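These notes concern the structure reproduced below.
The values are calculated or read from the model by the stated rules, or taken from the named source; none is laboratory data. Please read all numbers here as calculations on a predicted model, not as lab measurements. When we count neighbours, we look across all protein chains shown, and the Cβ atoms used for this are built from the backbone with ideal geometry, even at glycine. Note: areas computed on protein heavy atoms with side chains; ligands, DNA, RNA excluded. Shrake-Rupley method; radii C 1.70, N 1.55, O 1.52, S 1.80 Å.
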Amino acid sequence: MDRRRHSETGRRKIGKWSKLKLSMHPDTHLVIHLQSLDRRITALEKEVAALPKHIAVIEKALESHVRKLEADRAALLANQKERKKLEGDIQAHEQKISKLRDQMLQAKNNEQYRAFQHEIDFVAKEIRKAEDRILELMAESEPLDQNVKKAEIALKEEKQVVEGEKKVARERTAVDQSQLDVLHGERKEAVAKLKPAVVKEYERIRKKWNGVAIAEVIAGRCDACQIVLRPQYWQDLKRGDELMACESCGRFLFHNPPVHVEDVASVG
């Protein structure tokens, strides 16, 4: 019998607490919901907008690396072309020296002999200059060749990473867009339940305060601007008879009493 009375008493207390919790004005609930939706929409829209920018950054870096590889390839090709030309010059010089020596054997006097020798010495000097340059080019080509090979491997890996990130971005954007469609639908429903004047005021406050149109009142103080409410105004807000705004910052206000066992027990 005592257990039954205790159970009935508990139900009466819980029922009274439920009525106390439901004292918030319906418009206040809707504005809180609307702000929550707008925050989620804003976050998703930022993410959707940020993804193409992120892809643009990594693609720009990839393009920079492609241009660097192309420049190294061009430098290596120029090096190889110059070496090939010098090798051809050397071969032509050697053939010329061979002909000059044949002609020198047919010289009729010392003056002709010395002229042939002088020309041979000049061509031989050109050969040495070409050989020295070839050695320089070979020294230059080694790091260039290594750079090209390393860059080709790195670029191949980077392209795979970029393509992977682009795929993830496309998938993420599709998911975000799908969620945005749902949220916009929910927002439309929430707005339809509010009076146009309330929606207009909500949008004005939201724009003024960077998306924060409604603030909680904690211990009689607006949690947004930290101004203490007048005692009577505070009591009116607790009753929840109407949608109320902070007299200081203009944001809509809501009061969300903490749920404690002691609070439930005290209602009775």
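Taking a straight line from the alpha carbon of LYS53, these aspartates and glutamates sit under 17 Å away, with near neighbours fewer than eight places off in the same chain left out: GLU45, GLU63, GLU163, GLU165, GLU171, ASP176.
Could you name the aspartates and glutamates in cross-link range of LYS193, using Cα to Cα under 13 Å and dropping any fewer than eight places away on the same chain? Answer for LYS193, where 13 Å is the Cα cut-off: ASP27, listed by chain and number.
Ranking VAL123, GLN179, ALA139 by Cα position along the charge dipole of the chain, where only Lys, Arg, Asp and Glu carry charges on their C-beta atoms, puts GLN179 farthest toward the positive end.
Counting heavy atoms of the protein chains alone, PHE116 has an accessible area of about 40 Å² for a 1.4 Å probe. GLU136 exposes around 100 Å² of accessible area when a 1.4 Å probe is run over every protein chain in place.
Divide by every residue of the chain the summed helix terms, -39500 (n - 2.57) for each DSSP H run of at least 4, and state the resulting mean residue ellipticity at 222 nm, rounded to the nearest 500 deg cm²/dmol.
Numbers: 6 runs with 211 residues, N = 268.
Calculated from helices alone, the mean residue ellipticity at 222 nm is -29000 deg cm²/dmol.
Solvent-accessible surface of the chain, averaged per residue with a 1.4 angstrom probe and all protein chains in place: 69 square angstrom.
Need the full-extension length gain, LYS193 to MET104, defined as separation in residues times 0.36 nm minus the C-alpha distance. One decimal, nm. Don't skip to the end; give the middle numbers.
Values: separation 89, 0.36 × 89 = 32.04 nm, distance 11.18 nm.
20.9 nm is the gain from fully extending LYS193 to MET104.
Of all the C-alpha pairs in the chain, what % are more than 33 Å from each other?
On the way: 22302 of 35778 pairs.
Counting pairs separated by more than 33 Å, the tail of P(r) holds 62 percent.
Shape analysis of region 72-158 yields a ratio of the Cα radius of gyration to the Kirkwood radius, Rg/Rh, of 1.30.
Within the set LYS96/LYS129; LYS81/LYS156; LYS68/LYS149; LYS68/LYS150; LYS84/LYS129; LYS68/LYS156, which residue pairs have Cα atoms separated by over 18 Å? If you can, show how the numbers build up before the last one.
On the way: LYS96/LYS129 16 Å; LYS81/LYS156 27 Å; LYS68/LYS149 12 Å; LYS68/LYS150 12 Å; LYS84/LYS129 15 Å; LYS68/LYS156 14 Å.
Long pairs (Cα-Cα over 18 Å): LYS81/LYS156.
How large is the charge dipole for region 98-180, taken about the Cα centre, if only the Cβ atoms of Lys, Arg (+1) and Asp, Glu (-1) carry charge, to the nearest 20 debye? It would help to have the intermediate numbers written out before the result.
Details: 16 positive and 18 negative charges, 43 e Å.
About 200 debye.
Under the combined filter of DSSP loop state and at most 16 neighbouring Cβ atoms within 10 Å, region 196-263 retains these chymotrypsin sites (Phe, Trp or Tyr not before Pro): TRP209.
Simple spin-label estimate for GLN95 and ASP181 gives 7.5 nm between the two label positions (7 Å along the Cα-to-Cβ direction from each Cα). The portion of the accessible surface of the chain made up by carbon and sulfur, rounded to a whole percent, is 55 (1.4 Å probe; DNA, RNA and ligands excluded). Extension gain, GLU171 to LYS159: 0.36 nm times the residue separation minus the Cα-Cα distance gives 2.5 nm.
Charges at C-beta only: +1 for Lys and Arg, -1 for Asp and Glu. How large is the resulting dipole of the chain about its Cα centre, in Debye rounded to 20?
Working: 52 positive and 45 negative charges, 326 e Å.
Taking the Cα centre of the chain as origin, the dipole is about 1560 debye.
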